[in-house]
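Below is one structure, written out as structure tokens; the observations come after it.
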Amino acid sequence: MNPYDRYVLPYLIDLACGIGPIQKERAKLVPRALGRVLEIGIGTGRNLPFYDRERLSALYGLDPAAQMHRLARKRAAEAGIGIELLDLPAERIPSDDASFDTVVTTFTLCTIPDAVAALREMRRALRPQGQLLFCEHGLAPDAGVRRWQNGLTPVWKPLAGGCHLNRDIPALLAAGGFEITELQADYLPGPRPMTYVYRGVAVPET
């Protein structure tokens, strides 16, 4: 891992993912997590203040970027939440089938190399009546914005930890074996190629 990815990028991502509009999206979604919970791409733990401790029986955080775990542990302690951190990719969730009641993914699918494989792993790890809570930026509905997203992504990816600006989140969820039961999508304040956000709930297809 180069020095930029190890020492600089985690703090840039933490700053970018902590701006007000993104925090408001987290606040709408994360408190709905319940039971045994797995957060994919926990990063520096930006979601941790928003979990409802009374609804959790256990919380696990998965992220291959172990250099971010120090901040995540600090935020877990500040939130009074016990957590087990796992430095593994989402394509290899270390659990038995049907192990979790809730999987949470926020601003994460953009960076996973094989997002469909990761979503299939999330589906495997979820109980049949479980829920996937997601909030992800992705492909915009406007043709002009999409052109910018497609053009910028090859330049943006190496600067932003592999982030794709142009992933079709509903299509990825369907390919991963999920059915969306709730969905809201709109632009957040900021540059439109980076700020079209999908937020909702999906369940394993039967």
- With each label point set 7 Å from Cα along the Cα-Cβ vector, what nm distance links Y11 and T181? 4.3 nm
- Message: With just the Cα atoms defining each centre, how far is the stretch 1-54 from the stretch 133-162? Give it in Å.
- Response: 19 Å
- Task: Check the straight Cα-Cα distances from K157 and name the aspartates and glutamates below 20 Å, setting aside those fewer than 8 residues away within the same chain.
- Result: D5, D14, D63, E91, D114, E136, D168
- Which order do I22, I169, I83 take by accessible area at a 1.4 Å probe, largest first? I83, I22, I169
- Message: Using helices alone, I'd like the mean residue ellipticity at 222 nm for the chain: each DSSP H run of four-plus residues gives -39500 (n - 2.57), total over residue count, nearest 500.
- Response: -9500 deg cm²/dmol
- For labels at R192 and R124 in the simple 7 Å Cα→Cβ model, what's the distance in nm? 4.0 nm
- With a 1.4 angstrom probe the carbon and sulfur portion of accessible area for the stretch 34-182, in percent, totals 51 percent
- Setting aside same-chain residues fewer than 8 positions from K74, which lysines have a Cα under 23 Å from its Cα? K24, K28
- Query: Accessible area per residue of the chain at 1.4 Å probe, in Å²?
  - Reply: 47 Å²
- Query: From the list [x] 1.21; [y] 0.95; [z] 1.03, can you say which value of Cα Rg over 2.2 N^0.38 Å was derived from the structure given?
  - Reply: [y]
- Task: Could you go through the stretch 197-206 in sequence order and give the Karplus-derived ³J(HN,Hα) for each residue, using 6.51 cos²θ - 1.76 cosθ + 1.60 with θ = phi - 60°, rounded to whole Hz, and x for Gly and Pro?
- Result: 10, 9, 10, x, 10, 10, 10, x, 5, 9
- Query: Ranked from the most accessible area to the least, with a 1.4 Å probe and all protein chains present, what is the order of W148, W156?
  - Reply: W148, W156
- Order by accessible surface, 1.4 Å probe, largest leading, for residues M68, M194, M122 comes to M194, M68, M122
- Note on the structure: Given backbone amide H placed at 1.01 Å from N, residues whose amide H is under 5 Å from that of E179, ignoring those fewer than 5 places away on the same chain, are V203, E205
- Query: Who wins for biggest fluctuation among G35, G20, G82 in a Gaussian network model of the chain, springs between alpha carbons below 10 Å?
  - Reply: G20
- For I19 and L159, calculate 0.36 nm times their separation in residues minus their Cα-Cα distance, and state this gained length in nm to one decimal. 48.5 nm
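The values are calculated or read from the model by the stated rules, or taken from the named source; none is laboratory data. This is a predicted model, so every value here is computed, not measured. With ideal geometry, Cβ positions are generated from the backbone for all residues, glycine too; neighbour counts draw on all protein chains shown. The area values use the complete protein model at the heavy-atom level, side chains included, leaving out ligands, DNA and RNA. Shrake-Rupley method; radii C 1.70, N 1.55, O 1.52, S 1.80 Å.
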